[in-house]
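Below: the structure, in structure tokens.
Only the coordinates and a few stated rules stand behind these numbers; no lab work does. Owing to the predicted nature of the structure, the values given are computational and were not obtained by experimental measurement. Here the Cβ positions follow ideal geometry from the backbone for every residue, glycine too, while neighbour counts run over all protein chains shown.
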Amino acid sequence: MEDRTERRQALLAAVRRGADLLREGGSALDAVQVTVAELEDDTRFNAGTGSVLNSVGTVEMDASVMVMERGRGGEARISAGAVAAVSRVKNPLMLARAVMEETAHVMLAGSGAHRFARRAGIELCRVEDLITARARERWRARQLQFRKQGSSAAAPSTVGAVAIDSNGNIAAGTSTGGIPGKIPGRVGDSAIVGAGTFVSARGGASATGHGEAIILAGLCREAVAALLGQSPSSVARRAVATLLAPAKAEGGIVIVDRKARIGFAHNAAAMQVATFDSAELRHCWVEPLRLARTS
Ligand code: ASP
């Protein structure tokens, strides 16, 4: 399980970067972006470089980001950006943020997203630059399984982050290479606001797992809506147990509410979560939490 230990260390390092930024007065949005970018650049995660490959052996990545910022009068302003099926950017979440900040749209896909990236000053890379030898090997091994079953399980290591800053602004972001062996053009929950990422004045959430089930459940939106009167921990557990488990779907969610309380839960084979609690100025990592599945 060396890989898992290495991933844990990488996760901690990434969260520490976001936490340092928050401690220095940085915004929740910047904290989410630096944390996710660090994980996108780490080849051990299924996002950015090292993403899993689709059925034709290439990379198509999804990412989304959403933020709730307080205006001068304290009013909540919500914005979101997303990219779907992109294959030529190293940091899809950064591109999603550019869509949010520099266009009148919420989501751009494929070649249009690449064209926009160039305009936004985000360097394009070759798709080969994102494909690691390990991803290629795994793709070959999975091809057989995929042909037999017609689908493939979600790959671990999609990345996401949720943060609240000292001004009470809340941001969440998610980035992934998606499900291995997916049909080219398939877009999962990580690109879909309300499914893989959601933020409101109540809090923010980011999800991982079987994208189709997460989209059908509107998982993050449902979870954030449920924050009224419930702790993020119980919301996370209920979201997984009532929205995903009955569909026999694997997945997980991380949530931060407007009081900076943290919650997470999953029913997947593995999910690592790193948390930083600024009230106590400490961080910790948590091994996968197994929930009893409802069958
Ligand atoms: N949710 C992602 C997708 O379906 C995959 C994952 O989180 O592992 O694209």
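About its Cα centre, the dipole of the chain is roughly 680 debye, where the only charges are +1 on Lys and Arg Cβ and -1 on Asp and Glu Cβ.
Residues of region 1-27 with backbone nitrogen within less than 18 Å of a virtual label 7 Å along the Cα-to-Cβ line of A270, please, listed as ranges. Residues passing the 18 Å test: 1-14.
Would you mind ranking K90, K182, K248 by Cβ crowding within 10 Å, fewest neighbours first?
Values: K90 18, K182 22, K248 12.
Listing K90, K182, K248 from fewest to most nearby Cβ atoms yields K248, K90, K182.
All C-alpha pair distances within region 27-125, sorted into 5 Å bins from zero, spread as 3, 14, 23, 23, 19, 10, 5, 3, 1, 0, 0 percent across the bins.
When the Kirkwood radius is taken over all Cα pairs of region 159-257, what Stokes-Einstein diffusion coefficient follows at 20 °C and 1.002 mPa s, in µm²/s? Intermediate values should be presented prior to the final figure.
Working: Rh = 13.2 Å.
Once the numbers are plugged in, D ends up at 162 µm²/s.
Only beta bridges with both residues in the chain are counted; by DSSP, about 90 percent of them are antiparallel. So for the chain, taking the charge dipole from beta-carbon charges (+1 Lys/Arg, -1 Asp/Glu), which of A28, M271, A163 sits furthest toward the positive end? Result: M271.
Ordering E40, E123 by the number of other Cβ atoms within 10 Å of each residue's own Cβ, fewest first, gives E123, E40. Ellipticity at 222 nm from helices only: DSSP H runs of n ≥ 4 in the chain, each -39500 (n - 2.57), divided by the residue count, give -10000 deg cm²/dmol.
Take the Cβ atoms of T5 and A104, set R0 to 35 Å, and the FRET efficiency comes out at 0.20.
Rounded, prolate or oblate, given the Cα gyration tensor of region 100-232, with a/c below 1.5 counting as rounded?
Details: a/c = 2.21, a/b = 1.34, b/c = 1.66.
Oblate is the answer for region 100-232, as a/c is 1.5 or above yet b/c matches or exceeds a/b.
Computed extension length for A201-D41: 54.6 nm, one decimal, from 0.36 nm per residue of separation with the Cα-Cα distance subtracted. Evaluated over the chain, the count of Lys pairs having alpha-carbon atoms less than 22 Å apart is 4 (only pairs 8 or more residues apart or interchain). Convex hull volume of the Cα atoms of the chain, normalised per residue: 122 Å³.
Roughly how many debye, to the nearest 20, is the charge dipole of region 152-232 about its Cα centre, given +1 on each Lys and Arg Cβ, -1 on each Asp and Glu Cβ, and no other charges?
Working: 4 positive and 4 negative charges, 20 e Å.
Computed about the Cα centre, the dipole is about 100 debye.
Want the number for R136 to Q230: 0.36 nm per residue separation, take away the alpha-carbon distance, what's left?
Values: separation 94, 0.36 × 94 = 33.84 nm, distance 4.36 nm.
Length gained, R136 through Q230: 29.5 nm.
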